[in-house]
1. I'd like to check something: does the stretch D:250-257 contain any residue that is of a type in the set (Ser, Thr, Tyr) and in contact with a helix residue (DSSP H, G or I) (Cβ under 7 Å, 6 or more places away or on another chain)?
2. Consider the stretch C:156-177. How many of its residues are touching a residue at least 24 places away in the same chain (Cβ under 8 Å) and either among the aromatic types (Phe, Trp, Tyr) or not in a helix (DSSP H, G or I) (or both)?
3. When you scan the stretch C:31-54, do you find a residue that is without any contact (Cβ under 8 Å) to a residue 60 or more places away in the chain, more than 16 Å from C:LEU298 (Cβ to Cβ) and touching a strand residue (DSSP E or B) at 6+ places or on another chain (Cβ under 9 Å), even just one?
4. Would a scan of the stretch B:294-303 turn up a residue that is closer than 23 Å to A:PRO259 by Cβ and either within 16 Å of the chain's Cα centre (by Cα) or modelled with pLDDT under 95 (or both)?
5. Checking D:SER229 against (1) in contact with a strand residue (DSSP E or B) (Cβ under 8 Å, 6 or more places away or on another chain); (2) over 30 Å from D:SER35 (Cα atoms), which single condition isn't satisfied?
6. Output the residue which, of all residues in the stretch C:304-314 that are at pLDDT below 95 and polar (S, T, N, Q), is surrounded by the fewest Cβ atoms within 10 Å (Cβ to Cβ).
7. Go through the stretch C:129-179 and count every residue that is under 29 Å from B:VAL101 (Cα atoms) and acidic (Asp, Glu).
8. Of the numbered conditions (1) touching an Asp or Glu at 6+ places or on another chain (Cβ under 9 Å); (2) assigned to a loop (DSSP other than H, G, I, E, B), D:SER55 satisfies every one except a single condition; which is it?
Protein chains: 4
Amino acid sequence: MKQPDLQIVVDQIADEMAQQSERGVVADYIPTLASVSPSHFGMTIIDHDGNCYMSGDADVAFSIQSISKVFSLTMALGFVGDGLWSRVGREPSGSAFNSIVQLEWEQGIPRNPFINAGAIVVADILLGRYEPREILGEFLRFMHTVTGDDTITIDEAVAKSENETGFRNRALANYMRAYGNIENTVERNLGVYFHLCSLSMSCHQLASAGRYLMCGGRRAPGTSDTIISQQRAKRILALMMMCGHYDGSGEFAYRVGLPGKSGVGGGILAIAPGIASIAVWFPGLNSQGNSQLGSNALERLVELTGWSVFRTDQ
Amino acid sequence: MKQPDLQIVVDQIADEMAQQSERGVVADYIPTLASVSPSHFGMTIIDHDGNCYMSGDADVAFSIQSISKVFSLTMALGFVGDGLWSRVGREPSGSAFNSIVQLEWEQGIPRNPFINAGAIVVADILLGRYEPREILGEFLRFMHTVTGDDTITIDEAVAKSENETGFRNRALANYMRAYGNIENTVERNLGVYFHLCSLSMSCHQLASAGRYLMCGGRRAPGTSDTIISQQRAKRILALMMMCGHYDGSGEFAYRVGLPGKSGVGGGILAIAPGIASIAVWFPGLNSQGNSQLGSNALERLVELTGWSVFRTDQ
Amino acid sequence: MKQPDLQIVVDQIADEMAQQSERGVVADYIPTLASVSPSHFGMTIIDHDGNCYMSGDADVAFSIQSISKVFSLTMALGFVGDGLWSRVGREPSGSAFNSIVQLEWEQGIPRNPFINAGAIVVADILLGRYEPREILGEFLRFMHTVTGDDTITIDEAVAKSENETGFRNRALANYMRAYGNIENTVERNLGVYFHLCSLSMSCHQLASAGRYLMCGGRRAPGTSDTIISQQRAKRILALMMMCGHYDGSGEFAYRVGLPGKSGVGGGILAIAPGIASIAVWFPGLNSQGNSQLGSNALERLVELTGWSVFRTDQ
Amino acid sequence: MKQPDLQIVVDQIADEMAQQSERGVVADYIPTLASVSPSHFGMTIIDHDGNCYMSGDADVAFSIQSISKVFSLTMALGFVGDGLWSRVGREPSGSAFNSIVQLEWEQGIPRNPFINAGAIVVADILLGRYEPREILGEFLRFMHTVTGDDTITIDEAVAKSENETGFRNRALANYMRAYGNIENTVERNLGVYFHLCSLSMSCHQLASAGRYLMCGGRRAPGTSDTIISQQRAKRILALMMMCGHYDGSGEFAYRVGLPGKSGVGGGILAIAPGIASIAVWFPGLNSQGNSQLGSNALERLVELTGWSVFRTDQ
């Protein structure tokens, strides 16, 4: 498939999405998310040569929410290595992002690091080595390194709201603590967890952050800085493919065919391995809690570019 | 990654696997499977140029069992198109291959076509248009076409044994019939289903059969015959990636990184899109019902060749 | 509490129920049940002196359906004794009458003999000793003995309809057979099961049949014929209290306070131990599948007579 | 059945239980429970004439734990009436005392007030009207009134230990708060809940406390003081029968046939309506978390006295 002009592609997708009326529903469980206009959209593609293509509100920061689970997992694997997997599984959950039923069946071991329970265990693993402030400092440093942009910050108002309403996450954390899979106090743990979820980033910043996953662990195209090993990069992509969209992961793989991770703020980070890092933002969510138009936009992107990992013309 | 000599690769993997002592447990629910020696192994790679590399018992026929779900799905999509998806989902199951719990929760709609319940619905959809004999005739013709080998047959002794012991499948079929998602009588349905699962094939034949998935729907490298569209080939690969190893699909994606489908006879068909069709056979199963050494062999293959769909050096 | 005149009581309840507009919904899964008018009602009380009080259609036969589970359990315990309990539990189910989820969790052992799965095991236990025709013959003889009425018959049309539509029961039976808890073929088993459920009886006959449970195992007031031991009578009453109304058993105990068993035909048999055997029939069902006005009628009866087993003025 | 001499009965049961070697396992999740010797036993019967029969350690205080759920429910019904039932169900749970699965299925409404989740809602309902200290003060006053013994106290060391280890209860409370069925902060709620569970009472005191349930709501035999209405007393007894022994309630009804409530400290309160209030204490628990020998002792008591609510010789 001949590579099309990517700026034309992103502009075309922006036009098409602007005409769609089914935009999903903006998350409303905290005021800072509820107040976001569903008419926002943004898209950024950074390709393997480092070229950047943008459309819409690609420079407007939004709450990346669960997309940060990719970065906190990367950081935790860097700190503790594969020992992490004794406390978190690697299977699709087969249920909603915040289901507690599976935890009872599997005795406190979450099925993967991209559902809430799994990311709470990841935060607990980080707390086994560092103080909360250190973790957040390291996390921001990590994000500044992978993006090359040190203006990225945590939105304290979001973290505060999450903390005030996060009863279901408290239930998950306490439940796992009862099984010994959370070692820190729940408040200490969730203090970290909610902050990690409250990162504000634009599509441009998010696509920049995804470059190390596009590049087999190297920080960016054209550099030799290594963020993680190539092996680990592939494995994180596998986890994103299998578990990145909660109970809509199968649908995303079927329609889009790229590893991706969604957040309740309406963002999706998708990686075409070796080809491109892509971020989209459409705040309205579908019934699985994934960005409705974000999934559509990525489906169109893959139709126009042929970037599915399942393409056969290589 | 420079492409290694594939014959050396398959020989090396054969050697390594021969030395492994943890070989899993051979399925014993029917005599024809229970009597298979766990010391068998076979491996075949057919690459995008049509070259074939084999080791071990690559020409010995075995019962491909659930691997046939890939082929019956392909055939059913050819007959009825995407309307099929109103009766079967596309999500990983999050539970064992024969679980009935999910069917109660989702009111008779199986989560995907590669668990038993899903393949039973596929058989029912075929029965909506054809008589049982016609379906089996068409199925064999399809297998003869995609392999170019008209010696492939259904093992009637296996089909008979499956039929005699298939109480759990009868439970699944009756349960779905109670919800109206099975339209034929259960015995008529399972007669077809059990025969479809009882195909005997060698690794060589199986890898040949997988060529249309490697080649974007074309029958084989170097031909222009089309079995299915490129779009459909990609989507079937996505389903294999997400759901091909039951509740071990995440682990297979993490370790191997290729779309694959396993069978309880110990076979696995894996596809490196655009690169190779691979079949392995090691009869011993792990606790999820997937071939223990088969998974190991494929993990080594990907380490030696770099064929993961998540590789980033393209 | 002074014993009121029971004929006045049954007439008063008949009047009150006739004025209620919320009558529930008649079961419609088979034609013979769907065609029953929801305006029917019947009530019979037989007291410990053998006096009989009736109102409404107390002499009209209806399909007693699951109420027969009490009688088939009684007969099976007579044949095989307490060994029966190795294959059936004695706990409330916590779920719907035809749920299959619990069977997966508890590996083929139904929670009690009054849900469908449990009664199917009871039929299987009977088949361990007798041919289907013998069982039905013995069952009718048992019913003729306990009622003193040899006109009671099985409605073959109902049995046939049940057989034609009983997919969920087939799922349950096959599922338990997969775990080895059903020893006969499913068709042989369900042939018996569906016939046992298809008994036609009037309220008068049903209240007569319940006398042995009112009388501690003796056939009727004033006789010394023993149907079962006093110990066993008490235990069957305990099971009726705990499990007799599916997932509405707690509500029935709370509001009525008597051991009872409902059927989807709209009948309820309730026993005031040592005091009375009571049968009511109102075809409309509530959301748990129990007779809506039947429960109300029994609640009123207990208010007017003080017969709850939890009364404290003894 | 002629009434036997009850002192002989309690002594005989004490002897029999002393000879049993299967004593179950003492709860060990908090030190104050783990340190209790499994060789303790105590039994008290208070009959409808107010006579008291005791054996063993009937005057030794132990932690009544969940038995207090009967008393907190009584008090809450007194304060808020039947409106309580909009937030708690009345059905047996069909699962373990601390299961969270059911809460997800039924969207935050616990199945009954005698499982932990239900009693936590009861505490929350009390907190809707009173401050924590007031509730505990009222609760002790209530216990002093019903027992006629104002030495009964809450064991602060137990409450503190419960609070330190109660992660699963925190999970339940947070989970229900996410559904809006807990209105107070979880810490405020559990502070009350854990204190209510930490009452120390002897068998003698517990049997005294149960008199109002034996007497149809009157405080004690021979008085006209009313604690609750007769209607409410019957209903609480119905709830105890259906839900008093968690997922062993059916077994208790089958073997004993009396409304009862167990606690993890090894106590059981059982009521023979209109006849006797009975307390037993054997610290060893069976697999459902109910006193192993306590159940056996009550089964023998009913065999020797005929007090089952299902007896038919009245």
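1. The answer is yes; a qualifying residue exists.
2. Number of matching residues: 2.
3. Looking through the stretch C:31-54, at least one residue is without any contact (Cβ under 8 Å) to a residue 60 or more places away in the chain, more than 16 Å from C:LEU298 (Cβ to Cβ) and touching a strand residue (DSSP E or B) at 6+ places or on another chain (Cβ under 9 Å).
4. Among the residues of the stretch B:294-303, at least one is closer than 23 Å to A:PRO259 by Cβ and either within 16 Å of the chain's Cα centre (by Cα) or modelled with pLDDT under 95 (or both), which makes the answer yes.
5. It fails just one condition, (1).
6. So the residue we want is C:GLN314.
7. 2
8. Here D:SER55 clears every test but (2).
The values are calculated or read from the model by the stated rules, or taken from the named source; none is laboratory data. As the structure is a prediction and not an experimental result, all values here were calculated from the model. We place every Cβ from the backbone using ideal geometry, glycine too, and count neighbours over all the protein chains shown.
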